[in-house]
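Report on the following structure.
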Amino acid sequence: MTDLHPAPSLWRDTIQSLRFYSRLPLPVLPGEDDPHRVPDFAVLARAVPMAGLVLGGLAGMILVPAALVLPALVAATLAVGCSIIMTGAFHEDGLADTADSFGGMTRDRRLDIMKDSRIGTFGGAALIIALMLKVTTLASLIPQVGIGGTALALAACGALSRTAALALAFYLPPARDDGAAYATGAPTPESWDQARFFALLTAPLLWPAGGVAGTVTAILVIVGVAFGMVALARRHVGGYVGDMAGATQQVSEIAVLMTLLILA
């Protein structure tokens, strides 16, 4: 039976995960010889929800004081903007590359497009739509569920959406042998179970915004998005790529926020 109790080193794994997902200035851990080495998600996967909770929580901490003194739309824009700065647009880049890849007619061409650092028309349009949806949904949630409820939902979304993105790494093989997906490895069944367990522990943060019905529905929505993206990645490129994981995170986050708004 899988042990779901956090190990004493979970805090170290969380910091290492934050290094991968963000550009936050983090301290070098005791005994850590190479703090910027490629992470091993066979173990670190369990800490991904905690790292997401930190990043979402920090965005929420920007949202609260901003919403107290500024219009909701401006506050939401600041929160989303600060989130992008914290992560270096890590997930947004994946969304743009994934969108651009739909211009490729073959698997190899799609992989080449995702590897290209340039952003095309599809990618630019996807970024504009995603950012508009995120900002306007957050701004609409503030008067509906309150500043605090919106900030807590943003924190939970950080954890849940990044856990959803891990599903691609667990259920699919790497689509190529020279990318980040191949280098970071796949979660073990134990670390995947732990990641889902810790993600579910953050779900009650959705309750102030969505109540019981909203919380349960949001969880079902994010599970649906995760498995939908797994099926899409399998058909699109025959496996897991980091860009499609980033796209999964973005789609999951937006889907949960919109679900809460619909049920608010």
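Which of the residues spanning segment 83-126 are more than 16 Å from residue 236 (Cα to Cα) and within 15 Å of the chain's Cα centre (by Cα)? Within segment 83-126, 83, 84, 85, 86, 87, 88, 89, 90, 91, 92, 93 meet the criteria.
Please find, among 264, 226, the residue that is at pLDDT below 95 and of a type outside the set (Phe, Trp, Tyr). Before you say what the answer is, go through the steps one by one.
Working: 226 fails: at pLDDT below 95.
Result of the check over 264, 226: 264.
If I go through segment 115-133 residue by residue, how many of them are part of a helix (DSSP H, G or I) and either exposed (fewer than 13 other Cβ atoms within 10 Å of the Cβ) or at pLDDT below 95 (or both)?
Here is the first cut: in segment 115-133, the residues part of a helix (DSSP H, G or I) are 115, 121-133.
If we keep only those that are either exposed (fewer than 13 other Cβ atoms within 10 Å of the Cβ) or at pLDDT below 95 (or both) too, we end up with 115, 121, 128, 132.
Matching residues across segment 115-133 total 4.
Does residue 15 qualify as being surrounded by fewer than 23 Cβ atoms within 10 Å (Cβ to Cβ) and either among the small types (Gly, Ala, Ser) or more than 14 Å from the chain's Cα centre (by Cα) (or both)? Spelling it out, residue 15 is indeed surrounded by fewer than 23 Cβ atoms within 10 Å (Cβ to Cβ) and either among the small types (Gly, Ala, Ser) or more than 14 Å from the chain's Cα centre (by Cα) (or both).
Hey, could you check segment 14-30 for residues that are in a loop (DSSP other than H, G, I, E, B) and either of a type in the set (A, V, I, L, M, F, W, C) or at pLDDT below 70 (or both) and say which is nearest to residue 189 (Cα to Cα)?
Step one: filter segment 14-30 for residues in a loop (DSSP other than H, G, I, E, B), giving 22-30.
After this cut, where a residue has to be either of a type in the set (A, V, I, L, M, F, W, C) or at pLDDT below 70 (or both) as well, the list is 24, 26, 28-29.
Numbers: 24: 29, 26: 29, 28: 29, 29: 27 Å.
So, considering only residues that are in a loop (DSSP other than H, G, I, E, B) and either of a type in the set (A, V, I, L, M, F, W, C) or at pLDDT below 70 (or both), the one nearest to residue 189 (Cα to Cα) is 29.
Count of segment 173-203 residues, restricted to those that are in a loop (DSSP other than H, G, I, E, B) and modelled with pLDDT of 95 or more, is 0.
The set of residues in segment 183-222 being β-branched (Val, Ile, Thr) and under 15 Å from residue 169 (Cα atoms) consists of 184, 188. Just one of the listed residues (173, 208) is surrounded by fewer than 17 Cβ atoms within 10 Å (Cβ to Cβ) and out of contact with any Cys (no Cβ under 9 Å at 6 or more places or on another chain), namely 173.
Can you find a residue in segment 2-13 that is modelled with pLDDT of 80 or more and closer than 19 Å to residue 249 by Cα? Steps first, please.
The initial filter retains those residues of segment 2-13 that are modelled with pLDDT of 80 or more, namely 9-13.
Applying the additional criterion that residues be closer than 19 Å to residue 249 by Cα yields none.
So far as segment 2-13 goes, no, none of its residues is modelled with pLDDT of 80 or more and closer than 19 Å to residue 249 by Cα.
The values are calculated or read from the model by the stated rules, or taken from the named source; none is laboratory data. Model, not experiment: these values are computed from the prediction. Using ideal geometry, Cβ is built from the backbone for each residue, glycine included, and neighbour counts are taken over all protein chains shown.
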